[in-house]
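All remarks here apply to the structure that follows.
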Amino acid sequence: MEQYLDLVRFPLNELESPFGKRLLSRCQRELNEDGRFNLDQFLKCSAIERCLQEIEAKLRHSAFRHSRQHNIYFDDNVDGLDSSHPALKRMNTVNHTLCGDLLARSLLERIYEWPPLIEFLAKVLGMSRLFPMADPLARLNVMVYGEGEALNWHFDRAEFATVLLLSAPRQGGLFQISSNLRSDADPNYEGVGELLSGNHESVQTVDLVPGTLNVFRGKNSAHRITQVEGEQPRIIAVFSYCETSDFVFSKEDRNQFYGRSEPIASKSIWFKGLIFWVQRVAIDSNTGRSVVW
Ligand SMILES: [Fe+2]
């Protein structure tokens, strides 16, 4: 991994060394104080190029265009809130997503599954253990925001998010966050309503450069990607980890986020099986010679 990741500045594979311990305590402190931390330019430039090359064709041909209207909760019915409440303001989100099944055996998947990274995240977050997500679609995503596209204000369902920036737009496409806008005990509907009505006093814009790993607690911190301006897209890889080894999305969730519920690979195996069966029938019912397709 040394050829891809800056393990001199971020020795994730040597956390017991003095430098490793300093890194760990710095990230823990920032996560506690700000709800987030960055490993700036964690991914080397040559590795960014390789990741972008590996996904280029797939982005053109296989990405799912996710376009929807939603509120900050991704949920139309929130107990105790009238539909006219400002906290339920509806917004637009558009992006393009490559799912985990289409990233199999890529460099991004190798980084996502690299054990020292997973152990480091668990230690920073104070979790006994983390696992790569079992869901073949949701585990690892690449998300692209082109000109005029944005991910609007939302709260995550997961406790934390791990995002690797691969390409940053020249203008717009900024990551903004209102840390701890709500808590598990207090939904702070009034504060949420104020944010969505344009009061951005609590909002921080996080300046990120490509190659940076950004980890944040998105469950109670509202966040968004502002609209991208210009031709240069914002491209991120989103790594999803869980505290259990068997967590998967429901079929409904997969359909909503990815436009499908089954991995492409299994569809292709099914299709190849169908072709084989048709060929066998053709051979048996005719001359015994294989059919040329
Ligand atoms: Fe998010």
Averaging the inverse of every distinct alpha carbon separation and then flipping it gives the Kirkwood radius. What is it for the chain, in angstrom units? 20.9 Å
Can you compute the charge dipole magnitude of the chain about its Cα centre, using +1 on each Lys and Arg Cβ and -1 on each Asp and Glu Cβ, nothing else charged? Give it in debye, rounded to the nearest 20. 980 debye
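Express the relative contact order of the stretch 12-259 as a whole percentage, based on alpha carbon pairs under 8 Å and six or more residues apart in sequence.
In percent, rounded to a whole number, it is 29.
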If you take the alpha carbon radius of gyration of the stretch 78-175 and divide it by 2.2 N^0.38 Å, what ratio comes out, to two decimals? 1.33
Mean projected area, convex hull of alpha-carbon positions in the stretch 108-241, reported to one decimal in nm², is 8.8 nm²
Which of the trypsin sites (Lys or Arg not before Pro) across the stretch 160-263 are loop residues per DSSP, with 13 or fewer other Cβ within 10 Å? Arg170
Quote to one decimal, in nm, the extra length available between Ser245 and Asp40 on full extension: 0.36 nm per residue of separation minus the C-alpha distance between them. 70.9 nm
Please give me, ordered by residue number, the trypsin sites (Lys or Arg not before Pro) of the stretch 90-138 that lie in loop per DSSP and have at most 13 other Cβ atoms within 10 Å. Arg90, Arg105, Arg129
Under a crude label model (7 Å from the Cα following the beta-carbon direction), how far is Tyr73 from Ala57 in nanometres? 4.5 nm
hull vol. (C-alpha, convex hull) per residue for the stretch 1-101, Å³ -> 182 Å³
Based on the Cα gyration tensor of the stretch 122-186, what are the three equivalent ellipsoid semi-axes, each the root of five times an eigenvalue, rounded to whole Å and given largest first? 25, 19, 12
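Coordinate-derived values only; no laboratory data. Please read all numbers here as calculations on a predicted model, not as lab measurements. Here Cβ is always computed from backbone atoms with ideal geometry, including for glycine, and neighbour counts include all displayed protein chains.
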